[in-house]
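Below is one structure, written out as structure tokens, with a few remarks after it.
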Amino acid sequence: MVGEAGIHFEEAAAPEGMRLYAVGDIHGRHDLMSEMHRHIMAEIMRDQPSDWRIVYLGDYVDRGPATRQVLDFLSHAVRMDPRIITLAGNHDIGLLDFLAQPSADGLFANNGGEATARSYGVELDFYTRDALLRGHAALRDAIPDEHLIFLRGLKLSATFGDFFFCHAGIMPGVPLKDQSPEDLVWIRGRFHSHTGLHPKLIVHGHTPAPAPEIMPNRVNLDTGAFYTGRLTAMMFEGRRKRLMEVTG
């Protein structure tokens, strides 16, 4: 239903003439991401919708083996076509934070950052300060400016029709335009436990689940691609919704 109470999954609709795709967390799985992108673009070329957008929901880096290739792919894609939209995840921000201020205690050091560094040919050692600083300098030198520009330019949210896209979720009861950057990339508990409808259907990732979570007020597309080998997306056109998955 649509009204003061908010919008329900079944009633949420894309703008007339526009097809939307949202893609869950990637975490260095370039193989899955490139295959999903190929499937989506093949559908777009086949069906020729009047307009379209592909929204990547963030967390491109860490854990998986091919962060560098992921950022190569996406930074090129968004330069070539502004209809490809890339949102910021907490891990993407965590990489920038580490590059600005090396720390053995932050998100990057404790949640798969060594795999990101390795994709750039850098081995990190977080156990002594001297080794940390040497690794930080090597990684800073190894990451192309193009990747840094891409990461710094990531959006926190996007909205089309009845859909609001972000990495983690929203703070219930706060207008969408007033959501804090921290909640958009980090929130879990209060957002997940909220059963009321939101002003728009929230499409997000951030919290891996065994299968996509389709709730009346939100859709979680993070199926843990790094360790499950399953990358999930969803297509929205009018009120029609369709899950997509690639495995490997």
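Only beta bridges with both residues in the chain are counted; by DSSP, about 60 percent of them are antiparallel.
Accessible area per residue for the range 207-248 is 43 Å², calculated with a 1.4 Å probe on protein heavy atoms, without ligands, DNA or RNA. Within the range 200-248, DSSP assigns beta bridges of which about 75% are antiparallel (rounded to the nearest 5). In the chain, the portion of solvent-accessible area held by carbon and sulfur atoms comes to 52 percent [1.4 Å probe, whole percent, DNA, RNA and ligands not counted]. With a 10 Å cut-off between alpha carbons and a GNM built on the chain, which of GLY64, GLY229, GLY28 moves the most? Judging by the Gaussian network model, the answer is GLY229. Using just its DSSP H runs of length 4 or more, each adding -39500 (n - 2.57), the chain gives a mean residue ellipticity at 222 nm of -10500 deg cm²/dmol after division by all residues. Computed over neighbours whose Cβ is under 15 Å from that of PRO82, the net charge equals +2, Lys and Arg +1, Asp and Glu -1.
Charged neighbours of ARG19, selected by a Cβ distance under 13 Å, balance to +2 (K, R count +1; D, E count -1).
Once the Cα gyration tensor of the chain is found, what semi-axes does its equivalent ellipsoid get, as square roots of 5 times the eigenvalues, in whole Å, sorted largest first?
31, 20, 15
Below 8 Å between Cα atoms, with a sequence gap of 6+, how large is the relative contact order for the range 3-112 in percent? Relative contact order of the range 3-112: 27 percent. Take the range 55-97 with all the other protein chains still there, run a 1.4 Å probe, and you get 32 Å² of accessible area per residue. At a probe radius of 1.4 angstrom, the accessible area of the range 1-54 per residue rounds to 47 square angstrom. For the range 182-237, the Cα-based Rg and Dmax, in that order, read 11.6, 33 Å.
Counting every pair of alpha carbons in the range 1-86, the share spaced more than 19 Å apart comes to 46 percent. Here the Gaussian network model covers the chain, with springs between Cα atoms less than 10 Å apart; of ARG19, ARG190, ARG230, ARG190 fluctuates the most.
For HIS198, the amide hydrogen comes within under 5 Å of the amide hydrogens of ILE7, counting only partners 5 or more places away or on other chains and with H modelled in the peptide plane. Put a dot 7 Å past the Cα of LEU243, heading toward its Cβ, do the same for ILE44, and the two dots end up 2.4 nm apart.
Close amide-amide hydrogen proximity is noted between MET18 and GLY238, each under 5 Å apart and 5 or more residues distant or on a separate chain (H modeled in the peptide plane; Pro and chain starts excluded).
The values are calculated or read from the model by the stated rules, or taken from the named source; none is laboratory data. Quick caveat, the model's predicted, so the values are computed rather than measured. Cβ coordinates were reconstructed from backbone atoms using ideal geometry, including for glycine residues, and neighbour counts include every protein chain displayed. Surface areas here come from the heavy atoms of the whole protein model, side chains and all, with no ligands, DNA or RNA. Shrake-Rupley method; radii C 1.70, N 1.55, O 1.52, S 1.80 Å.
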